[in-house]
Amino acid sequence: MTITLRAWKTRAASVATIALLTLAPTAFSATAAHADVSGTICQSELPSQADDTLALIDQGGPFPYSQDGVVFGNREGVLPSESYGYYHEYTVVTPGSRTRGTRRIITGEGNQEDYYTSDHYSTFRLIDFSC
């Protein structure tokens, strides 16, 4: 049995809604092909710097790194397959790091879903804004 999930959210005034639908045409199917999308993570469980990044995304920047906002190509194939340009990546600042570090938020087109990775694209978790 395949479970089909789709996350829609709005971030207005830090309010978000996660909706689960079945049979959405571009939905994420929880299959072995997406085994590295490791479930969800509550927004409250993210490092505080992720909240800063989410706020910057909502505001449209300015972002601390020139790479923020660029297209994320999903070359690793970990996220659900979408057309090129669907995903964009943003740095979650790592205190004390002299580089961008390994933490990122990847947004889906129209901010329909956000994923968090702490290990530079090896694994991803869908951000749940309802907890």
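Arrange the peptides 64-74, 115-125 so that the one whose residues have, on average, the most other Cβ atoms within 10 Å appears first.
115-125, 64-74
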Sites E76 and S97 - FRET efficiency at Förster radius 22 Å, r taken between beta-carbons, to 0.05
0.55
Can you run phi through the Karplus equation (6.51, -1.76, 1.60; θ = phi - 60°) for the stretch 67-73 and list ³J(HN,Hα) in whole Hz, with x for Gly and Pro?
7, 5, x, 6, 5, 9, x
Stretched out fully, how many nm does the piece from Q49 to Q67 gain, at 0.36 nm a residue minus the Cα gap?
4.8 nm
Cβ neighbours within 10 Å, averaged per peptide: list 38-44, 55-61 in order, most packed at the top.
38-44, 55-61
Obtain the radius of gyration and the Kirkwood radius of the stretch 78-131 from its C-alpha atoms and give Rg over Rh.
0.99
With T94 itself left out, Lys, Arg at +1 and Asp, Glu at -1 over residues whose Cβ is under 11 Å from its Cβ give +4
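No lab work stands behind these numbers, since they all come straight from the coordinates. Predicted, not measured: the structure shown is a model, and the values here were computed from it. Neighbour counts are summed over all protein chains in view; Cβ atoms, including those assigned to glycine, are modelled from backbone coordinates with ideal geometry.
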